[in-house]
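Inspection log for the structure reproduced underneath, given as structure tokens.
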Amino acid sequence: MSERETSQSSVGPIRVAAGALALAGTVYVGGFGVGPLPPLGPFLDPVGGVWSVARSATLPNEYTASLPSLVGEVEVQYDVRGVPHIWASSREDAVRALGFVVARDRLFQLELQSRAPEGTLTELVGSAALDLDRQQRRLGMGWSAEREMRQRDPQSHTSRLLRAFADGVNAWIDAMGPGDLPFEYHLLGRKPRRWEPLHNILLNKRMGYTLIYDPQELWRPGVEALVGKAAADALFPVNHPIVQPIQPNASPEPRFDFAPLPPPSQPTADTDQIARLYAETQHAWALTNLPLLPLGWGSGRGAAPGRGGAVEGPAPGWGLDAEWPAPGGAGGRAASNNWAVSPARTANGYALLSGDPHLSLTLPSIWYEVHMSVPGEMDVHGVTIPGYPGVVIGFTRDIAWSFTNTGADVLDFYRETLDDEAAPTQYRLDGEWRPLERRIEEYRDERGEILATDTVYYTHRGPVRRSEDGVWSMRWTALDQPLGTETLADALSATSVDEWLEAVAAYAGPAQNMIVADRAGNIAIRSTGLYPIRPGDGSGIVVRDGSESANDWQGYWPVEDYPKGINPDQGFLASANQQPLDPELGRRYLGANWPVPWRAMRINQLLESDSQVTVETMRSFHTDPGNAKADLFVPIFLEAAEGKADLEEAYRLLAEWDRRYTKDNERAILFELAMNELGLKTFDELLLPGGRRLAARPNPAVIAGLLRYPDSPWWDDRRTADRNETRDDVLSASLTAALQLAKQRHGDPDGGGWRWSEIRHARVNHLIGLPALSRRNLPVQGGPGNLNPSSGSGGFGASWRMIVEMASEVRAWATYPGGQSGNPASPWYADRVDQWVRGELDAVLFPRQRSDLTNDVVSVLTLRNGK
């Protein structure tokens, strides 16, 4: 730092230093394969080595720093929760200060998450990241970001904000002393790179990749080869058979649009072809569904498939033991919740809003909490994603908002004709040859040496991928359009729901279910983003002929057609990634294979049953143990097992369960294993060699519909030629197998091993998967399909919980599973984890002026334009 004044704040620096020393030794000795470790001497240097992290673990009471591009002086007050309150005279100065404080707390995270979409992780960690880098570059992430950067007006408001953020980050890098270098750089033997506005755009691309990359076209052909097109379309329907839409319809109760499934046809591909297709799809999903903050080396499996995982991503609703990965299953990469309640249904007579986005759980968190105040322009509190030049989810003096992922289909593939498949230069379009754009991608290691080289080609639609099945190009809104920054910044000046909706109307993506409330008591939700209009029947689940421009997108939905609800008669609104529109409204194609709406059903049930909602009841909803899936399936299992001698024990054990996923329950495990067995035994037609993996995982609602047809041919197991199984046969066999598995894995039903807290845990991993820097084996209340949807291996869940009361003085409560600092020796590294596990929230400090915060300030940073 340029100038440090007074002493460190009194948060136990000796204890922090001792912890840092022990941590350094543990991590160095037990370091995972993230590239070659640095020489031991520099790593252990007492002045500039890893020990120095303890010296920067706590903030001085007061300090001053130089930020050369500032127009005016900025003061930053850190409160007792480690949240910076930025007081500036202009928005650009506030963003400069934001860049500075984020870099101070999260510098390694900034670099890691900008390198991930850029495809340059190998330059930081070596060849271990080569596959990840290749996948990102082949998707065109860096190509798209560079194109967007060239197209931006350098004098636009957004461009100025991006430069301001970069100025702040680089001012911190320039001011760092040896003790300020983040721990991970010591471990890797690297130095931080300078921040550029391009890196902010790359972060936006990464958000698009995390939230809206769902290539259904890759796995559907394999399913059709196994069971036929009609059956495949029914197993993975465009419209969800359980209707609980985001846009309110005639009833808050769910509607069940079940119909008989077409029978499966005989396979049209042999085992080798199916296995190859499955392997290719598995590889695509494994690389597609990495955490936003990649990599988790050494931490076990990667993230789960976006709509098909049961291990790392939100469980698809079959059961916690489902095999991974399995494309096609319901779930959603961002299984988030949000809801708002009108004043007429709250105890205090004010609108209430809850934000509960679910993403990968990491240390440090993907979120960074901040308050930014500029007189007459902006007074906002919430969370930002490190690298974004403002608040993403939060509240002002007049409005509050949050997001869930819409999950719309905004990606298409086109079969292309090239002039030479080995070394193409042109592609065919409307009877003419058009030039391909050619880009040479070189992958370098940490020493600058070339590890590999790729040639990536582009049509007017996007990047070209080649496989044994042909040559395809990809059209994807994440590559086409600038994402988010402008409209979210403009919305900060809104003072009402109507103004806020108007401000974000131009938002391009990733498409989000945007919920908002204001102090006048209005509530609204709208699924906002660019939705392509496709030719013909409008379907987005087929590969189209790329030789004709008539097959290209024909524009985007008009905003007035977006799914929405404003001040509904029911008095509340909610989204949980379910299909936004009731199919009976007959709108054009928005997406397919939607997540099963278990969470939406539960939150609507809770809100409908309470006409005097309080902040405390809203808080309890976040970890509510009730489960709509269990409510539907448990009675059916019991009915099938009742009176059968060989199922007496299984019946008794399951009947003892109250269908609540509390930490101390000892019967949820039996149900979850039974659900998994039910899926495997019902869809034997989709089994691959080995009998425990499916080529794709049908939505669990499909099984719910099948339950109405006990003699459907889908219940029959093709592997048993001497008998014809019925529904009750499969239910009974599933429960029997589940009981056997539960005993094998967890012991006697009453021996303590079936306790949910012994089986299901949250796992908050350090960004590069170092166990010593992670928080694992955290027992949580919730399970597959719950509002707190505990994932299979625990690395996915509620990344930020927030409740806002829109009173005359806006009040808010919030937390996330981590802490503000990325320094593992800091008291703010993981101080919120235990609170998050318990389902508790902190009262958020939202002062109108800096003097209001005096008694809660632990450090004051003054930023000046020093030369």
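The values are calculated or read from the model by the stated rules, or taken from the named source; none is laboratory data. As the structure is a computational prediction, the values presented were derived from the model and not from experiment. All Cβ positions, even for glycine, are placed from backbone atoms using ideal geometry, and neighbour counts span all protein chains on display. Heads up: the accessible areas ignore ligands, DNA and RNA and are worked out on the full protein's heavy atoms, side chains in. Shrake-Rupley method; radii C 1.70, N 1.55, O 1.52, S 1.80 Å.
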| query | If you check residue 546 against the conditions, is it on the phi > 0 side of the Ramachandran plot, of a type outside the set (A, V, I, L, M) and at pLDDT 95 or above? | reply | no
| request: Kindly indicate whether any position in the stretch 820-828 is aromatic (Phe, Trp, Tyr), over 17 Å from residue 624 (Cα atoms) and outside any strand (DSSP E or B). | output: yes
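Considering only the stretch 512-561, state which residues are of a type in the set (Asp, Glu), open to solvent by 30 Å² or more (accessible area, probe 1.4 Å) and not in a strand (DSSP E or B).
To start, the set of residues in the stretch 512-561 that are of a type in the set (Asp, Glu) comprises 518, 537, 545, 548, 552, 560-561.
Now narrow it down to the ones that are open to solvent by 30 Å² or more (accessible area, probe 1.4 Å): 537, 545, 548, 560-561.
Those that are of a type in the set (Asp, Glu), open to solvent by 30 Å² or more (accessible area, probe 1.4 Å) and not in a strand (DSSP E or B): 537, 548, 560, 561.
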| message | Just to be sure before I move on: is residue 664 touching a helix residue (DSSP H, G or I) at 6+ places or on another chain (Cβ under 9 Å), open to solvent by 20 Å² or more (accessible area, probe 1.4 Å), in a loop (DSSP other than H, G, I, E, B) and of a type in the set (Asp, Glu) in the structure I sent? | response | yes
| remark: (1) in a loop (DSSP other than H, G, I, E, B); (2) buried (at least 24 other Cβ atoms within 10 Å of the Cβ) all hold for residue 382 apart from (1)
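Tally up the residues in the stretch 635-650 that are touching a residue at least 40 places away in the same chain (Cβ under 8 Å) and open to solvent by 50 Å² or more (accessible area, probe 1.4 Å), please. First the steps, then the outcome.
First, the residues of the stretch 635-650 that are touching a residue at least 40 places away in the same chain (Cβ under 8 Å): 636-637, 640-641, 644, 646-647, 649-650.
Now narrow it down to the ones that are open to solvent by 50 Å² or more (accessible area, probe 1.4 Å): 644, 646, 649.
Of the residues in the stretch 635-650, 3 are touching a residue at least 40 places away in the same chain (Cβ under 8 Å) and open to solvent by 50 Å² or more (accessible area, probe 1.4 Å).
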| query | Any residue at all in the stretch 786-805 that is more than 30 Å from residue 597 (Cβ to Cβ), crowded, with 24+ Cβ neighbours inside 10 Å and at pLDDT 90 or above? | reply | no
| said: If I go through the stretch 687-698 residue by residue, how many of them are open to solvent by less than 50 Å² (accessible area, probe 1.4 Å), more than 28 Å from the chain's Cα centre (by Cα) and in contact (Cβ under 8 Å) with a residue 60 or more places away in the chain? | reply: 1
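With 403, 395, 413 as the choices, which residue is open to solvent by 10 Å² or more (accessible area, probe 1.4 Å), of a type in the set (Phe, Trp, Tyr) and either touching a Ser or Thr at 6+ places or on another chain (Cβ under 8 Å) or at pLDDT 95 or above (or both)? Give the derivation first.
Numbers: 395 fails: open to solvent by 10 Å² or more (accessible area, probe 1.4 Å); 413 fails: open to solvent by 10 Å² or more (accessible area, probe 1.4 Å).
Of 403, 395, 413, the one residue that is open to solvent by 10 Å² or more (accessible area, probe 1.4 Å), of a type in the set (Phe, Trp, Tyr) and either touching a Ser or Thr at 6+ places or on another chain (Cβ under 8 Å) or at pLDDT 95 or above (or both) is 403.
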| query | Out of the stretch 603-632, which residues are among the hydroxyl-bearing types (Ser, Thr, Tyr), crowded, with 16+ Cβ neighbours inside 10 Å and either at positive phi or in a helix (DSSP H, G or I) (or both)? | reply | 617
| task | For residue 225, indicate whether it is farther than 30 Å from residue 607 by Cα, over 24 Å from the mean Cα position of the chain (by Cα) and in contact (Cβ under 8 Å) with a residue 24 or more places away in the chain. | result | yes
| request: Counting only residues that are open to solvent by less than 20 Å² (accessible area, probe 1.4 Å), touching a residue at least 24 places away in the same chain (Cβ under 8 Å) and hydroxyl-bearing (Ser, Thr, Tyr), give me the helices (runs of 4 or more DSSP H) lying completely in the stretch 101-213 with at least 2 of them. | output: 157-175, 197-212
| task | State all residues of the stretch 429-468 that are outside any strand (DSSP E or B), closer than 19 Å to residue 130 by Cα and among the basic types (Lys, Arg); if no residue qualifies, say none. | result | 447
| said: Among the residues of the stretch 751-760, are any crowded, with 19+ Cβ neighbours inside 10 Å and closer than 30 Å to residue 386 by Cα? | reply: yes
| request: Considering every residue within the stretch 487-502, establish whether at least one is open to solvent by 50 Å² or more (accessible area, probe 1.4 Å), over 23 Å from residue 556 (Cα atoms) and touching a residue at least 40 places away in the same chain (Cβ under 8 Å). | output: yes
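Filter the stretch 572-602 down to the residues that are in a helix (DSSP H, G or I) and of a type in the set (D, E, K, R), then identify the one that is least open to solvent (accessible area, probe 1.4 Å). Full working, then the answer.
First, pick out the residues of the stretch 572-602 that are in a helix (DSSP H, G or I): 583-585, 598-602.
This time we only want the ones that are of a type in the set (D, E, K, R), so: 584, 599, 602.
Numbers: 584: 137, 599: 18, 602: 35 Å².
Of everything passing the filter in the stretch 572-602, 599 is least open to solvent (accessible area, probe 1.4 Å).
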| field | Residue in the stretch 699-722 that is surrounded by the most Cβ atoms within 10 Å (Cβ to Cβ), counting only those that are modelled with pLDDT of 90 or more and in a loop (DSSP other than H, G, I, E, B) | value | 716
